[in-house]
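Read through the structure below, which is laid out as C-alpha cells, and then see the notes.
The values are calculated or read from the model by the stated rules, or taken from the named source; none is laboratory data. Every value quoted in this text rests on a predicted model; they were computed, and no experiment measured them. Cβ atoms come from the backbone with ideal geometry, glycine included; neighbour counts cover every protein chain shown. These accessible areas exclude ligands, DNA and RNA; they are computed on the full protein's heavy atoms, side chains included. Shrake-Rupley method; radii C 1.70, N 1.55, O 1.52, S 1.80 Å.
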Amino acid sequence: MTSFQPSAEALPETVQVELPVVGMTCANCALTVERVVRRVPGVAEVSVNLATEHAQVRYHPGQAALAEIVAAIRKAGYDVAESTEEIAIEDAEQSARKAEIADRRRRALFGLLFAVPTFVISMSRDFGLFAAMFGEAFAPAHAHITPANAALNLVLFALAAPVQAFTGLPFYVHAFKALRNRTANMDVLVALGATAAFGWSLAVLLGLAHGHVYFETSALILALISVGKYLEARAKGRASEAIRKLMQLAPKTARVIRNGVEQEIPTSQIRIGDVIVVRPGERIATDGVVVGGHSSVDESAITGESMPRDKGVGDRVIGGTLNVDGVLRYEATRVGRDTFLAQIVRLVAQAQGSKAPIQALADRVSAVFVPTVIAIALLTFAGWWLLSGNGERALINAVAVLVVACPCALGLATPTAIMVGMGKGAEIGVLFKSSAALEQLAHLKVAVFDKTGTLTQGRPSVQAVIAFGEATPERVLNLAAQAEHASEHPIAQAIRAAAEARGLATQPPEWFQAVPGRGILAVVREGERALRVAVGNATLMHLQGIALDQAAQHRIQQLRAEGHTVAIVAAEGQALGAIGLMDTPKPEAHDGLAQLRAMGVRTIMLTGDHRQAAQAIAYRLGIDEVIAEVLPTDKADHVSRLRAALHGPRTLAMIGDGINDAPALAAADVGIAMARGADVALEAADVTLVHNDVRDVARAVRLAQQTLRGVRQNLFWAFFYNVLLIPTAALGVFQSYGPILAAGAMAFSSLFVVGNSLRLRRLPIR
C-alpha cells in the first residue's frame, strides 16, 4: 500500500513508504527498480521484493518527494499502483494485479491458439507427411522451394505473425527497457531467440535468403514462456490478500461508555481510556484492561493456546480475540496501529518483504550469456565474410549461431519441471504457491511445528476421570455432563462427548448458572433426587465452600503436571472427582514426524500453550525440542533466530494453521499451512496441505527434492547443448544446413527437457 510509515530503524528525518510495483518479470527487474530509485537524491534505502512485488523505500522528505520516486520507477518501464486513501490504495493495487494477470492469460491463450497449429503444420512437412499424402510438391522446404511450399510458408507466417505481435509484445517491450537500463534479463533471451527465428524465416519468405523457415520455433517460444509468466503472476497476485484478511479480524464497531451512556461507534474512533462493553460471542475491539465482569476469552487465534483463558478485573485482553461467556467491561490501552493485532499485520508484511527473491540460474547468467552470444554471432559473420568473401555463407553461419543459442530449452528447463512438480503435488494434496518455495523445501533441515490444530486435534477432549472417596468415575462424568448440558464452552462440549461415548444417559439440568471464569452451577436429577452440582476450577470450589482434602489435591496436581486442564466435580457441597482434559495429537502426527527425522530433519514445537501441555504432546510424538508459552511476536523472532543458525543451502520450514502463526509462517524460509486453518495463515504460507495431514510435510519434501533434481538435469543439458553447438555453428560445421540443423537440435533439446520433466509425473511420492 502507498502510505507513509515511520520506520523504527529510520533516522528521525526519514520516512518509509511501501510501493506496489507492477510489471516486474524477473530478479533483474527488481534490481533495476532498486537501482533507479537509489539514484533519486534523498533516498536513504530501497529494497525491492520480486515475490510480493513491493518496493520499500526510506527517504528524506526534505530532499526527495514521493512523486519523484514514482516517476523514476515509471521511467524505468514499470508502474506503481497508488491512491490517496488507504482502502482505495489496496483496491487500486488489487485491480492492477488482476488486470496484469488477465492480460497475461489472454496473451498465453492467444499464443497457444496460433503456435500449436503452426508447429503441427511445420513438423508434418519436415517429416515428409505432406509429401506422402499430397506428393512431392510438399516435400520438406529445405529440399526445394515449390509453389506449394511457398504457399505453406505464407500460411506459417500468417499463423506466427500474430503471436509475435500480440503474445510477444511484452517480451519485446521489457527486453527493450532492460537493454535501455543496461541490463539483460530473461525477456532479452526470449526476444533474441524469437526474433532470430522469425527474422530468418521472414527473409526466406521474402526471397532474401534460401533455406528452412522457423516460424513454429518463434511462436512456440513466446507461447510456452507466456504460460509460465501467467502462472507466476497469478500466484504473486494473491500475496497482498493476507494483510486484508488479517485486518478483517477486528470488529468494525464497539460499544463504548461515554458520559455514562453506552453507544456504538466505529472501532477507528475508540480513544485510549474509553470503557468498552463486550458481550458473549463478540470479538474484543482493541487491547485493554478489564475493569468489570468475569468471562472466558478464546485467545487461540492470537496466542495459540487451545483452552479459553479466564478474565477478571485487572486482566489484559487482546483485540481480535473472542469473548466466550459473561459480559466484560474493559478500558482501552492501545488503539489503531499500536494494537497487538496491528503489530501482527506489520510483522506479516515485513516478513514477506524481507524474503530475498530466488534468482533462477537462467536469469543469473543472462547478463553474460546474451551479449556473449551476440558477440559470437557478429564475429562469426565478420570472420566468414573476411575469410571466404561469401556474405550469404557468413549470414547463414551467424544466423545458425543465433538460432542454436535460442534459449528455448534454457527457458523451459525450470518452468516445465516446476509445473510438473506442482501438478504432482496437487495430486497428492500438496499445493505450492511459488517455485521458490518448492526449491527451498528441497533443502529442509529444520521443521518448526505449531501445536494446536497442526499436531493436535485443536480441541480439548476428556483424557482422565478420577473419583474421590466412594464416588465412581461414571457418576462423576455423568453428573458433569448433565450440568454442562446447556453450556457451549469447549470444555462442556468435551465432557458431553465423553459421556455420550461411554453410553451415559444425560438430560438437561433443572437450573443452570454460568460463573464466568470459574465454571458452572446447576441442579440436575439423579434418580428421584435433585442435586446441586458444581463443575469448575479450584476457585469455584472455594467460593462454594467445597473443601478438597490432601489426597484429592495431590491427584489434581498430578493431572495438571501431565498437562491436563482440570475440571473439579462436586455435588451437594462435596467433591466427587475431577476430569482431566487435553488437546490430543492427531493420529498421523507421530508417523509424519518420524518420517522427517528419518530424512535428517530436526523437529521443533513452537507454541503459545502451557509448557506442561506442550511437553506432554512432544513426549508422545517424539519431537526433538519444545519452545512453549510463546506470543506471536516471539514466534517470528524464534523462527528468525533459528534461520540465522543455519548455514549453506539449508532451510527452515514453519508449519501452522492459526492466525497467530501467520508472522512465523511468513518469516520462515518456507511457510506450510493446513488447509482447514485460518485464511490469513493460508495466504502467508508458501505451501498448503489439503488433507491437513502432517505426513504430507515429508511427502512435500520428497517431491521438492525430486523436482529440483529434474530442474538441475534440465539446466545441465540445456547449457551443455549451448556450449557444444554454439562453437559448432560458428565454425560452419553445419554448412548451408546450419539454421536447419540448429533448429532441429534446438527442438530436440526442448523435447528432451520437456520429456525429462514429464518423467516426474510417474515417480511415486509416498
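Tabulated results
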| quantity | calculated |
| --- | --- |
| Residue identified as at pLDDT 80 or above, at negative phi and not in a helix (DSSP H, G or I) among Leu703, Leu708, Leu652 | Leu652 |
| The range 550-561, residues that are in contact (Cβ under 8 Å) with a residue 60 or more places away in the chain and either farther than 19 Å from Leu477 by Cα or open to solvent by 30 Å² or more (accessible area, probe 1.4 Å) (or both) | Ala551, Arg555 |
| Of all residues in the range 293-314 being modelled with pLDDT of 80 or more and hydrophobic (A, V, I, L, M, F, W, C), the one that is nearest to Ile617 (Cα to Cα) | Val297 |
| Total residues in the range 675-700, condition at pLDDT below 80 and of a type in the set (Asp, Glu) | 2 |
| Sole exception among (1) within 16 Å of Gln463 (Cα to Cα); (2) assigned to a loop (DSSP other than H, G, I, E, B) for Ala547, by number | (1) |
| Flag if Val476 is on the phi < 0 side of the Ramachandran plot, surrounded by 15 or more Cβ atoms within 10 Å (Cβ to Cβ) and in a strand (DSSP E or B) | no |
| Leading residue by the ranking (modelled with the lowest pLDDT) among those in the range 32-88 that are closer than 21 Å to Arg337 by Cβ, hydrophobic (A, V, I, L, M, F, W, C) and out of contact with any strand residue (DSSP E or B) (no Cβ under 7 Å at 6 or more places or on another chain) | Ile87 |
| Number of the condition not met by Gly429 [criteria: (1) under 16 Å from the mean Cα position of the chain (by Cα); (2) surrounded by 19 or more Cβ atoms within 10 Å (Cβ to Cβ)] | (2) |
| Selection count where residues are small (Gly, Ala, Ser), closer than 23 Å to Ala530 by Cβ and open to solvent by 40 Å² or more (accessible area, probe 1.4 Å), scope the range 479-510 | 2 |
| Residues of the range 231-259 classified as modelled with pLDDT of 75 or more and in contact with a helix residue (DSSP H, G or I) (Cβ under 9 Å, 6 or more places away or on another chain), total | 6 |
| Checking Val569 against (1) touching a residue at least 60 places away in the same chain (Cβ under 8 Å); (2) in a loop (DSSP other than H, G, I, E, B), the condition it does not meet | (2) |
| Residue that is modelled with the lowest pLDDT, among those in the range 162-184 that are buried (at least 20 other Cβ atoms within 10 Å of the Cβ) and closer than 13 Å to Ala223 by Cβ | Phe171 |
| Test: residue in the range 687-699 that is out of contact with any Gly (no Cβ under 9 Å at 6 or more places or on another chain) and surrounded by fewer than 24 Cβ atoms within 10 Å (Cβ to Cβ) | no |
| Single condition Ala534 does not satisfy, out of (1) part of a strand (DSSP E or B); (2) surrounded by fewer than 21 Cβ atoms within 10 Å (Cβ to Cβ) | (2) |
| Which listed residue is assigned to a loop (DSSP other than H, G, I, E, B) and under 29 Å from Leu621 (Cβ atoms), from Gly503, Gly563 | Gly563 |
